[in-house]
Every structure is written in C-alpha cells, then in structure tokens.
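What follows is a short report on a single structure.
None of the figures in this text is laboratory data; all of them are computed from the coordinates on show. Note that the structure is predicted; figures quoted are calculated from it, not measured. Here the Cβ is made from the backbone with ideal geometry for all residues, glycine too, and neighbour counts use every protein chain on show.
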Amino acid sequence: MSSEDVPTAEKADGIDGPRPRRLTYAAALAGLEGLALVVGGVWLAVLGFTGDPDDRGQAITGGVTVIVLALLPLLAARGLLLRKSWSRGPAVITQIMALPVAYNLLQADSLAIPVGIVLAVVAVASLVLLVNSATTQALGIKGPGRSS
C-alpha cells in the first residue's frame, strides 16, 4: 500500500510512519497523571464517606470533581497514543494546570513537598515532549503559516 492509497484523514492525523518515542512518553506521563487524579479523587471521596470531615457533602463533591478532572489527561493520553492531532491541546492544558498545583505543594511544610517536586518535573518534562517537533509532526500538526 503506497502513501497515495492512504486516506487523507489518516495522513492529517499523522498516522504515516512509526510513533516517535517522545510521543509515547508524553502519552504515558499524561496517563499517569490521570491515574493519579483518579486515585486522589477516590481517596477524597472515601474519606468523605468514612472520615469525619467538616462538610461531608463538600468532601464527596471534591472527590467526584477530581475524578471527573482525571478524564482530561486520560483522554489526552489515549489520543496521543492513537496519534490524534486534537490530543495535544488537552495534554498541554493539563500540564499548564499542573504547574500552579506543583508550586502550591512546594510551599507546604509537609509531605506535599516531594509530591510537588515530582509533579513539577512531570509537567515540565511533558511540556517539553509535547512541543517537540517530532511529536508535532507525528500528530500531523502544522506550524503557523505552513500550508503543507
């Protein structure tokens, strides 16, 4: 099957050629962030049910909200693995949202500091991987002013 036989929709999504490792690594990091959010959301919800929070409804709502927020990086990770051009936007947004969270964790005087360091490293590494030219080309994203 020649490259001319491949439908243009597949070419637009950057499907021709092998997936670069950088794209796989970016997808893995986004997936790990999504899984961490799911675990954190479940933990908050369970504490809301079983613990003694000031406001049980607010604790449970917070847990459910974090679980729902986990959908963004999980969907982005799946899209990156499938080489869908739309997936880079949600992945970048996730990393940009993670940076202020990491900063706030670094300001704490507790066990949150190492978590903040890990989150900051993962967010910066993911951003570097996502804006890399090999990743951009593999996703079929054209730069500004480029028609081909």
Ordering of 72-84, 111-123 by burial proxy (mean other Cβ atoms within 10 Å per residue, highest first): 72-84, 111-123
C-alpha long axis of helix 112-131 to longest principal axis of the chain, angle in °: 10 degrees
Structure-derived log10 I(q)/I(0) by the Debye sum over Cα atoms at q = 0.11, 0.16 Å⁻¹ - corresponding label in [x] -0.46, -0.85; [y] -0.51, -0.87; [z] -0.38, -0.81: [y]
Helix-only CD estimate at 222 nm, as mean residue ellipticity for the chain, using -39500 (n - 2.57) per DSSP H run (n ≥ 4): -23000 deg cm²/dmol
